[in-house]
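Notes follow once the structure below has been shown.
Every number in this text was worked out from the coordinates using simple rules, so none of it is lab data. Note that this is a predicted model, so its numbers are computed, not measured. Reconstructed Cβ throughout: ideal geometry from the backbone, glycine too, with neighbour counts over all protein chains shown.
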Amino acid sequence: MDQKEELCYIEKVKNGEANYFSYLVESYKDIVYSISLKILKDHDEAEDLAQESFIKAYNSILSFQGKSKFSSWLYRITYNTCISHVRKKKQEYISVDDIQIKDEAEDFNFDEIPGDARKKYLQQALKQLPEIDYTLVLLYYFEELSVDEIKKIVNMSASNVKVKIHRARKKLYTIIEDKLKQEIYT
Amino acid sequence: MNDEQLRSAIKDIKLESPSASFTVNVMNKIHESANLAKVPYKILGLNFWVFVSLFMAVAILFALFANGADTTGVVQGLLPSSGNEVVKGTYQSILNKLNMAPLSLAGILLGASFLLIIERVIAAKTQQAP
């Protein structure tokens, strides 16, 4: 769905044609669900919270003025909904961050890995990333959002976002390299 | 590997998907909440009118007997054929007590009615907000 089409649907929803909201749900459900799942680590809970995020977005769509992308606005709602849910449950927000970044990680050459395996390793490595790193990588690389857009979603400074993306990328390379080495030795 | 290579590799991966009925579930919940919002909300409900009626009744009684009028005639007027002195005495006693009812009771009821209206109006506005 292009931006023009998206704005057209948003206008229709604002004018009371609620059914058009389903196009927006279809477009963004995977990424909203992925962010929820990464933070909540439970499929059922992630599905519930992803639904809640969309309903919140629908209920406050009149306040969406189109100054930012609809996707950034929606991801901010999703991220905040999931984080407050975790805090409400008084779960300790433990970030699995024991990945030791290697200095040579940046020199890693992904092209040496065949296409299908590359996808598999990358998917596995993404799963191992801590919640915030995963969200940042998803928003920056997958959704191609700018640092300015991301900082509003995750409520961080631009420099902090940049540093975290840089570190997340190194972590990704480190994980993939480790996996490759493991396979070679076994 | 540079940023662009990583971007194209990441864009290639398949994200986790929610259940097949996800969109339908979201839309059902949206339609349900829309239907709820359409239900007209009475600002002045039954409780309010019960309260106001009670207040009016007390106010009328108060107005009738506020001047310290003798209530004996009222009881006799209400129960002309009754010869039962006990019943007459009881009613007389009630009316005398009402006659003594302090003005503050009416004030409390009036204040409470006013607060009730404000509460209802705020509740109605909150429900209408998106």
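Observations on the model:
- Taking each residue as 0.36 nm, the span from B:Phe48 to B:Asn28 lengthens on full extension beyond its C-alpha to C-alpha distance by 3.7 nm.
- Cα principal axis extents for chain A, largest first, Å: 61, 39, 32
- Two-site label geometry, A:Tyr20 and B:Glu16: point separation in nm, points 7 Å out along Cα→Cβ: 3.3
- Taken along the Cα-to-beta-carbon direction at a fixed 7 Å, the label points for A:Lys119 and A:Asn59 span 3.9 nm.
- In sequence order, the range A:11-26 has phi-based couplings of 4, 5, 5, 4, 7, x, 8, 4, 4, 5, 5, 4, 5, 5, 4, 4 Hz under the Karplus curve 6.51 cos²θ - 1.76 cosθ + 1.60, θ = phi - 60°, and Gly or Pro positions carry x.
- If R0 equals 45 Å, the separation of the Cβ atoms of A:Asn160 and B:Ser93 corresponds to a calculated FRET efficiency of about 0.05.
- Distant-in-sequence amide H partners of A:Leu145 (H built 1.01 Å from N, under 5 Å): A:Tyr140
- Put in order of Cβ neighbour count within 10 Å, fewest first, the listed residues A:Ile184, A:Ile153 become A:Ile184, A:Ile153.
- Relative to the current alpha-carbon distance between B:Val86 and B:Val121, full extension at 0.36 nm per residue lengthens the span by 7.8 nm.
- Segment A:Glu5-A:Arg167, length gained on full extension (0.36 nm per residue, minus Cα span): 54.8 nm
- Cα-projected label distance for A:Ser68 with B:Phe114, points at 7 Å along beta-carbon direction, nm: 4.5
- Environment charge at A:Leu37 (Cβ cut-off 9 Å; Lys +1, Arg +1, Asp -1, Glu -1): -2
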